[in-house]
Amino acid sequence: WLCIFDNADDKHVFLKDYIPSCNHGNVIITSRLTETSQISSPGCHIDFTDLARENAVELLLKHAHEESSDRNQDLAIKIVDAFNCHALAVSTAGAYIGTTPTCTLGNYLTHFDKRRSKILNYRIRTLDSYRLTVFDAFRLSFEKLSLPAQFLLQICACLHHTAIPLEIFTSAANFTGKDTSAVDLNPPTEA
């Protein structure tokens, strides 16, 4: 069995009360609290920190497919600082810039700020800065997708990351009644 405690950031919750005491099974705890490392087995604690600014800039430029010129470095610094150098938010922002023709390093924060204020006024007032910046960066990319693509992504999010049966897609395609002969649903063979 596997038990996952994600975002276990409430120091008033005693996690050991919820962990079965047996010699089999695994427990994964994600938390910003350093105290949670005290209940892990020796050598089983991994501490993730934010990227150094230089590495965050490099990651952003790589995902945005931009060269590392002085001007791009200056623009990238503003973006990574806005995300507090959180790796997931920075890479998502870079991917959005790299795949959106109207978005550049120079105007990304304007795109982001417009979306952020809409989201903040909507319903995400309780998220901490890390989850909010990652959510905002993901939301920008997600909203760029067509509605059918958004729906498909929401469904696929519930599936196993490697064992997705192709029959799901062939059945769905057949159900629509559309000609799918041009679509190759066979996985590529290894050479």
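For Ile97, state whether it is touching a Lys or Arg at 6+ places or on another chain (Cβ under 8 Å) and surrounded by 14 or more Cβ atoms within 10 Å (Cβ to Cβ). Lay out the reasoning, then the answer.
Values: touching a Lys or Arg at 6+ places or on another chain (Cβ under 8 Å): no; surrounded by 14 or more Cβ atoms within 10 Å (Cβ to Cβ): yes.
Judged against the criteria, Ile97 is not a match.
Return the total of residues in segment 102-116 being without any contact (Cβ under 8 Å) to a residue 40 or more places away in the chain and within 13 Å of Glu66 (Cα to Cα). Step through it out loud before you land on a result.
Let us first name the residues in segment 102-116 that are without any contact (Cβ under 8 Å) to a residue 40 or more places away in the chain, namely 102-104, 106-116.
From the residues that got through so far, the ones that are within 13 Å of Glu66 (Cα to Cα) too are 103-104, 106.
Total satisfying the criteria: 3.
Counting only residues that are assigned to a helix (DSSP H, G or I) and among the hydroxyl-bearing types (Ser, Thr, Tyr), segment 143-177 holds 3 of them. Taking the numbered list (1) over 30 Å from Ala8 (Cβ atoms); (2) modelled with pLDDT of 75 or more in turn, Cys158 passes all entries but (1). Just checking, how many residues over segment 4-47 are touching a strand residue (DSSP E or B) at 6+ places or on another chain (Cβ under 9 Å), touching a residue at least 24 places away in the same chain (Cβ under 8 Å) and surrounded by 10 or more Cβ atoms within 10 Å (Cβ to Cβ)? Selection size over segment 4-47: 12.
Any residue at all in segment 70-82 that is under 30 Å from Ser37 (Cβ atoms), within 16 Å of the chain's Cα centre (by Cα) and surrounded by 14 or more Cβ atoms within 10 Å (Cβ to Cβ)? Yes, segment 70-82 contains a residue that is under 30 Å from Ser37 (Cβ atoms), within 16 Å of the chain's Cα centre (by Cα) and surrounded by 14 or more Cβ atoms within 10 Å (Cβ to Cβ).
The values are calculated or read from the model by the stated rules, or taken from the named source; none is laboratory data. Computed from a predicted structure; not experimentally measured. Glycine also receives a Cβ, built like all others from the backbone with ideal geometry; neighbour counts cover every protein chain displayed.
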